[in-house]
1. May I have the convex hull volume per residue, in Å³, for the Cα set of the stretch 349-473?
2. Taking the C-alpha atoms of the stretch 165-273, how large are the radius of gyration and the largest Cα-Cα span, Dmax, in Å?
3. Of the DSSP beta bridges with both residues in the stretch 481-639, give the percent that are antiparallel, rounding to the nearest 5.
4. Run a plain Debye calculation on the chain (Cα atoms as equal point scatterers, no solvent) and give log10 I(q)/I(0) at q = 0.09, 0.12 Å⁻¹, rounded to two decimals, same order as the q list.
5. With labels modelled as points extended 7 Å from the Cα through the Cβ direction, what inter-label distance (nm, one decimal) is found for residue 35 paired with residue 64?
6. In whole percent, what relative contact order does the stretch 444-578 give with Cα contacts below 8 Å and a gap of six or more residues?
7. Nearest 5 percent is fine: what portion of the DSSP beta bridges confined to the chain is antiparallel?
8. Rounded to the nearest 500, what is the 222 nm mean residue ellipticity of the chain from helices alone, with -39500 (n - 2.57) per DSSP H run of 4+ residues and division by all residues?
């Protein structure tokens, strides 16, 4: 029997029909028509001369002739009717003013479900998926980042409150906002204590949980060698009795924990009857003393994920061994909690960096020991810390997207992300000038202007949108000590933004240290800047030049890659910040906090504390932004 012919406009293929036919094992002969209008309905033509017109009708045919009759059309009359209903609804997902509302309606329906009809993939899912894929408005909506994500905090154990302190939680929530991500709501594992307790009791009645009072060390040894606990065969009645004792925190209850029967002979030790519930009398930071027995992470996560409708749980690959445990526990929970959906784990490699610790515990140590200001310190590898240091959000996004969800464990170099950042800021950030305060050198121009002059200059020679600045010129200038020492007597140099000058032979030196104390020079504006060896930054001497504190940072640890056996405290960089005092050009008085600039010949900086006219003697604070090039860093060996 010849396969039916699927005729459709070449520019508008019926994606849902093609996908469903492939899934159902139904043969169709595709016949695209290059001349047909884009809105011409697809048609399925049979050898008998009969036709089915429109995607919903063709999908119903595919579902009815599928190799497995209930594979895509439901397993009973009700689910088949639900599929039919969704085939009609899928046709409302059309571009226009009502699209977002229609998509939101489907999203709400899926909030606690994995599939639109029943508990497996059906024509309903295929139809809605295809309709969205063919709608450009969906792509735009999808990029808004509003996927109904949850911000959930692990709070099922009293000690967890020590890790999820308000400051930490608040900073993570703030970071989510800075990254442009949206979440539907904030939840805590402790929100589901009643359901977790009920699930535990059902599993006891089903014979999957047992109470065990084996001493901790003995239990650890038995799990290591795969020996079943002597308590594994306790009766359901006995386990239920002890379960009550555990929640009452009686002497007997406190001696026991609840373990879940998985596979004590498994090579994967995570499957050897892990603990599901354990007593703890410590005050819980959210529920107080209401509970005396709490679920473990291994037991709570699969249940809570499924209950909240999480479709995909992303885990870093160091938890790969626990993936099988997750699925086995979830399957048991589904057996006693009807309708609990599947959760798919996607594992990826943790993103690690050289000279960096990312552990919350270790970073907390730096905060608690006063080695950094807090979680927003520019040296901290946190979102706020890195943005404060001058990392642009777009650079962070580009770097992360370039990594992908790789499964390869690698240690990234910091120069890559900072090189991306430089590529973004260099073409647009304004240029300014600063001279270091320590031993700055006064240069007297013997033919300089009699009065102070101001010349309008572009803030960025190649980016007019950066605006203009006023360059102050006078007969006395300031130079950095290093520049003054680099100039030979009688040498012609270029004063950047002004012109050439010649340093006279009677340069004066102090007796101590051989440092230059003053210079006389003569402007030589007709000179050719292309022929000079040195192009120097300078400032006109003025009391209006704002004071600056230029902060440079090193890594928090001095070892390139810390190993598991390393005590990270032995490798702490206790000199990870250097502050250089300077003065800046008068235009810097108007810079705002968070503004990124380049100090010519000194690098890129972000304003951390702006100039305050009310306290003019207080220095502005500028944080150095790395540019990806190897250079000396505070507390670190020379590159």
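1. 168 Å³
2. 18.9, 54
3. Values: 26 of 32 bridges.
Looking only at bridges with both residues in the stretch 481-639, the antiparallel portion is about 80 percent.
4. Cα-only, vacuum Debye calculation for the chain: -0.96, -1.26.
5. 3.3 nm
6. Working: 217 pairs, mean separation 29.0, N = 135.
In percent, rounded to a whole number, it is 21.
7. Working: 58 of 87 bridges.
Within the chain, antiparallel bridges account for around 65 percent of the total.
8. Details: 19 runs with 190 residues, N = 639.
The helix contribution divided over the chain gives -8500 deg cm²/dmol.
FYI, it's all coordinate maths here, none of it is from the lab. This one's a predicted model, so the numbers in the text were calculated from it and none came from an experiment. Note that each Cβ is placed from the backbone with ideal geometry, even for glycine, and that neighbours are counted across all protein chains shown.
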